[in-house]
Each structure stands twice: as structure tokens, then as C-alpha cells.
Amino acid sequence: MSHNIPRGLSDVQFVLLGLVIDGEKTGTELRQLLRDDYGWDTSTSSFYTYFERLGKEGLCAIKTTKAGKKFRASAKGKKVFKQKLDFMKHAIDTWK
């Protein structure tokens, strides 16, 4: 396994992608989750920008519904997420 630093996925994108890795969530659900579970009170529009970038890179799917936008990680997004997660786990193990 290569332990080169994964390129192209910012820490914020990594976190947001991780929130939709196991299933689809709306912007409202994501904002509530970020605020209630992680103390990150951000505007919905700010993470929409990140998801738009993830969508353009093929890392997540964005579906527009009457209730608003829904986001989920694509197969490529799951792969990139796992690569960065594996890298981070290896780095932590190395520092122990």
C-alpha cells in the first residue's frame, strides 16, 4: 500500500464526504448534524460550494428534489475517502 499524501481532497471536503459516505443526506440534515454533533455552525451555502466541487470531480452525486438538494458519495468518492482515511490512520500509527 502506498502512503503518499492523497492530493486534491481538502480536510473540509474529507469531512463532508465522510458525512455522506453511508447514504444520502439533505443540506438541512448536514447542517444540523454539523452543528449538533460537531459544533460547526456554518451556513448551508458554504458547504453547498464544497459539494458542488466534489460533484464536479465525480466524488459525490447531487440530486435536486422538491425538498432541496441531496448529497451522497459516489463510488469514486468512497475510494478517495478511504485512501485519505488509510493515509491518516497510517500517520497516526507511525506517531504512536
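The values are calculated or read from the model by the stated rules, or taken from the named source; none is laboratory data. In this text, all values refer to a predicted model and were calculated from it rather than measured experimentally. We place every Cβ from the backbone using ideal geometry, glycine too, and count neighbours over all the protein chains shown.
Of note:
- Condition check for residue 61: modelled with pLDDT of 90 or more and among the hydrophobic types (A, V, I, L, M, F, W, C): yes
- Of residues in region 50-77 being polar (S, T, N, Q) and surrounded by fewer than 10 Cβ atoms within 10 Å (Cβ to Cβ), the one farthest from residue 15 (Cα to Cα): 65
- A search for C-beta distances below 9 Å between a residue of region 42-54 that is under 13 Å from residue 72 (Cα atoms) and any residue that is in a helix (DSSP H, G or I) and among the small types (Gly, Ala, Ser), counting only pairs 6+ apart in sequence or on different chains, returns 48/27; 51/27; 54/77.
- Taking residues in region 71-96 that are among the polar types (S, T, N, Q), and partners anywhere that are surrounded by 11 or more Cβ atoms within 10 Å (Cβ to Cβ), the pairs with Cβ atoms closer than 8 Å and at least 6 places apart or on different chains are 74/58; 74/59; 74/60; 74/61; 83/6.
- Within region 49-56, one or more residues are of a type in the set (D, E, K, R) and under 12 Å from the mean Cα position of the chain (by Cα).
- For region 1-31, a residue qualifies if it is loosely packed, with under 14 Cβ neighbours inside 10 Å, modelled with pLDDT under 90 and either hydroxyl-bearing (Ser, Thr, Tyr) or under 21 Å from residue 63 (Cβ atoms) (or both), and the qualifying residues are 2, 10, 28.
- Residues that are within 18 Å of residue 11 (Cα to Cα) and among the acidic types (Asp, Glu), drawn from region 27-49: 37, 41
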